[in-house]
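Working notes, beginning with the structure itself.
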Amino acid sequence: MPSHYYQTSDILYYEVLDIPLPELQRLKTINVSFRRATKDVVVIHRIRLPKQSTVGDLLNDLKQKVELSHPNVELRLMEIFYHKIYKIYSPRKNLEKITHQYWTLHAEEIPEEEKNQSPHDQLIHVNHFTKDASQYHKQVQNFGEPFILIIREGETLAEVKVCIQKKLQVPDKEFSQRKFAFLSLGRPEYLQDSDVVSSRFQRGEGSCLWALGAVSWIGAL
């Protein structure tokens, strides 16, 4: 009789493979989520490549399976945990060393404006969060798909919000209901449109800018 966790059972389970087992054992299977730059639809793609392949090989394979904004766009692969970006993988990273049992792997297009950065520009995380206004000390809760955004030196929150709205493709009425805040030590400090966003960030620190409701927080890379 088969046993599982010291319990006997008369049920034998099996899996039907779509490729021969010896071939499957030579491959690395990775699930990657992808959202096109101009759409809010996230699709999970299952990719199989030889175990010696790299992240760059994975992204090239993904390009053949998704709809891109233009043929020559570059992609990046990120590690997402509880709707927060924890890591951006180098294209040279070996796939066999990547596990995604506890987090999600997400790919996104790299905007053209990131390729023309000045030394004073910064790349920041953009996430969404909710918070119960009646509980001042309650931790914020993330949701949705995070992404990367470039901010320029001297840009105000009003200017940054235009870029975020364009990225998310959110209608004016819905977007006007969002509030943005800088997050420090787990507490959001809400900002005004005239506030200079870049002045809130020190390079190498993990502080964040948030928006409330369907909102977004932003964290320096």
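Just so it is clear, none of the values below were taken in a lab; they were calculated from the coordinates. A quick note: this is a predicted structure, and the numbers were derived from the prediction, not measured. Virtual Cβ from ideal backbone geometry, glycine too; neighbours counted across all protein chains shown.
Annotations for the structure displayed:
- Sparse-neighbourhood loop sites, chymotrypsin sites (Phe, Trp or Tyr not before Pro) in the range 52-116 - DSSP loop, at most 13 other Cβ within 10 angstrom: TYR82, TYR102
- Efficiency of FRET from Cβ geometry, LYS173 and VAL66, R₀ 30 Å, rounded to 0.05: 0.50
- ³J(HN,Hα) computed for each position of the range 154-164 - Karplus, 6.51 cos²θ - 1.76 cosθ + 1.60, integer Hz, glycine/proline x: x, 5, 8, 4, 4, 6, 5, 4, 4, 5, 5
- Among ILE98, ILE19, sorting on how many other beta-carbon atoms sit within 10 Å of each Cβ, with the fewest leading, yields ILE19, ILE98.
- The range 27-115: trypsin sites (Lys or Arg not before Pro) falling in loop per DSSP and having at most 11 other Cβ within 10 Å: LYS39, ARG92
- Summing Lys and Arg as +1 and Asp and Glu as -1 over all other residues whose Cβ lies under 13 Å from the Cβ of ILE98 gives a net charge of +3.
- Sites THR130 and ARG48 - FRET efficiency at Förster radius 35 Å, r taken between beta-carbons, to 0.05: 0.45
- Three principal axis extents describe the C-alpha atoms of the range 3-110; from largest down they are 54, 31, 24 Å.
- Model label points for VAL162 and GLN101, set 7 angstrom from Cα along the Cα-to-Cβ axis, are 4.8 nm apart.
- Computed log₁₀ I(q)/I(0) - Debye formula, equal Cα scatterers, no solvent, the range 56-195, q 0.13 Å⁻¹: -0.71
- Ranked by how many other Cβ atoms sit within 10 Å of their own Cβ, fewest first, the residues LEU58, LEU168, LEU105 fall in the order LEU168, LEU105, LEU58.
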